[in-house]
Amino acid sequence: MKQNKIAIIYDFDGTLTPKSMQEYTLLPKLGINSQSFWGNIVKEAKETGGESMMIYMRQLLDHAKSKNIRISKDEFFKMGKDIQYYNGVVEWFKNIDRYVKKISCGEVEIYHYIISAGHMEILEGISIKKHIKKIFASEYYYRGKVAVFPKIVVTDTTKTQFIFRINKGKEKLSQSINEHMPETDRPIPFDNIIYIGDGMTDVPSMALIKKSGGHSIAVFKKNNKEQIKISKNLYKAQRVDFIAPANYNQNSPLFNKTCLLLDFMVAKIRYNLQIKD
């Protein structure tokens, strides 16, 4: 197989956006205080041993029901336009695509993916979706047009399933990824993958990709001491190649470090293509 494809995989909340998508959309709509809401989720998770993302999705529906608000897929979709991004995110994808095309002389293809614990229904409505090949995220099951219970729940560890899907080219959830596939048959080898995330919830994904020969970058909100500390710890633990402020503008440290990784990956791909010819 001609393995000339690169994937950049992004976490969403805190990585492409300063806050979680719920804080721009659902929580204000339901009149929920963000701090107390997340605090209650953490508390229930500790008391019951439940999975926090499952608790969150259920509690959200409970709040909506208590206020007689019916959350439809259309309402979720409309919320996507309210998402606010870090500086440079909107232009980032075109800039990266243009860079790869230039340095590879058009020989290498690049694809962008989002893997998020957040709502697929909201992510379907975001302005940057046109640049994203595939989004993997949590979803509700709907009765009629109203969300009634969680259908798909994406957690820290289940994110890795979707990395394997990208690696093996089996991006439909109906496709099994359990059968053995030789490394040479995989459309996007792990060493052609870059993962960009912002914190501890990204550790399983970062660890998988780094262990398998790929690369990862931890981003942090500028001047946020806690996030900077987390990023530095990830770097010390060799979970990431680089850390950088979450500024996606051209010539920012994040852009330049990503391009450095792309230089390395493109050169390797072009070399492998040459020796196979």
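The values are calculated or read from the model by the stated rules, or taken from the named source; none is laboratory data. Note that the structure is predicted; figures quoted are calculated from it, not measured. Don't worry about glycine lacking a Cβ; one is built from the backbone with ideal geometry, like all the others, and counts go over all protein chains shown. Just so you know, the surface numbers come from the protein's heavy atoms only, side chains and all, with ligands and any DNA or RNA stripped out. Shrake-Rupley method; radii C 1.70, N 1.55, O 1.52, S 1.80 Å.
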3J(HN,Hα) from dihedral phi, the stretch 150-156, Karplus parametrisation 6.51/-1.76/1.60, rounded to Hz, x for glycine, proline
x, 9, 10, 10, 9, 10, 3
I want the antiparallel fraction of DSSP beta bridges within the chain, as a percent rounded to 5.
20
Output the pairs from 129/232; 221/257; 102/211; 129/257; 19/222; 81/257 with a Cα-Cα distance over 22 Å in this structure; if there are none, say none.
129/232; 102/211; 129/257; 81/257
Can you list residues whose amide H is under 5 Å from residue 125's amide H, if they're 5+ apart or on another chain and H is modeled 1.01 Å from N?
80
Charge dipole (debye, nearest 20) of the stretch 1-142; +1 at Cβ of Lys and Arg, -1 at Cβ of Asp and Glu
380
Whole-Hz Karplus ³J(HN,Hα) for the stretch 33-50, in order, using 6.51 cos²θ - 1.76 cosθ + 1.60 and θ = phi - 60°, x for Gly and Pro?
6, 4, 4, 5, 4, 5, x, 5, 5, 4, 4, 5, 4, 5, 6, 9, x, x
Sorted from largest down, what three extents in whole angstroms do the Cα atoms of the stretch 11-139 have along their principal axes?
57, 30, 23
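Rank 36, 205 by accessible area, highest first, at a 1.4 Å probe radius? Don't jump to the answer; show the numbers that get you there.
Working: 36 60, 205 0 Å².
Largest accessible area first, the list is 36, 205.
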Separation between the residue 59 and residue 149 pseudo-spin-labels, each 7 Å from Cα along Cα→Cβ, expressed in nm?
2.0
Over the stretch 66-145, what relative contact order in percent results from Cα pairs under 8 Å that are six or more residues apart?
36
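Over the stretch 24-148, what percent of the accessible surface lies on carbon and sulfur atoms, probe 1.4 Å?
Carbon plus sulfur share of accessible area: 50 percent.
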Could you report the accessible area of residue 153 in Å², rounded to 10, computed with a 1.4 Å probe on the protein chains as they sit in the structure?
40
Contour minus end-to-end for residue 157 and residue 263, with contour as 0.36 nm per residue of separation and end-to-end as the Cα-Cα distance?
35.2 nm
Work through the residues other than residue 241 whose Cβ is under 11 Å from its Cβ and net out their charges, Lys, Arg +1 and Asp, Glu -1.
+3
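Roughly to the nearest percent, how much of the accessible area of the stretch 229-275 is carbon and sulfur, given a 1.4 Å probe?
52
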What are the residues whose amide H is under 5 Å from the amide H of residue 198, where those residues sit 5 or more places off or on another chain and H is modelled from the backbone?
219
With every protein chain kept in place and ligands, DNA and RNA left out, what is the accessible area per residue of the stretch 72-209? Probe 1.4 Å, answer in Å².
46
Counting only Cα, what are the radius of gyration and maximum Cα-Cα distance Dmax of the stretch 77-161, in Å?
15.7, 50
For the stretch 224-263, the Debye formula with one identical point scatterer on each Cα and no solvent gives log10 I(q)/I(0) at q = 0.26, 0.27, 0.34 Å⁻¹ as -0.90, -0.93, -1.06
Express the relative contact order of the stretch 101-160 as a whole percentage, based on alpha carbon pairs under 8 Å and six or more residues apart in sequence.
30
Relative packing of 208-214, 42-48, 139-145, which averages over residues the other C-beta atoms within 10 Å, highest first:
208-214, 139-145, 42-48
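What number, in percent, do you get for the relative contact order of the chain if the mean sequence gap of Cα pairs under 8 Å and at least 6 apart is divided by its residue count?
23
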Ordered by residue, what ³J(HN,Hα) values in Hz, to whole numbers, does the stretch 91-103 give under the Karplus form 6.51 cos²θ - 1.76 cosθ + 1.60, where θ = phi - 60° and Gly and Pro are x?
8, 3, 5, 5, 5, 5, 4, 5, 5, 5, 4, 5, 6
Using alpha carbon centroids, what distance separates the stretch 16-50 and the stretch 126-166, in Å?
18
Sort out for me the Cα centre separation of the stretch 191-259 from the stretch 90-107, rounded to whole Å.
20
Evaluate the Kirkwood expression for the hydrodynamic radius of the stretch 190-251, namely the inverse of the mean inverse distance over all pairs of different C-alpha atoms, and round to one decimal in Å.
11.5
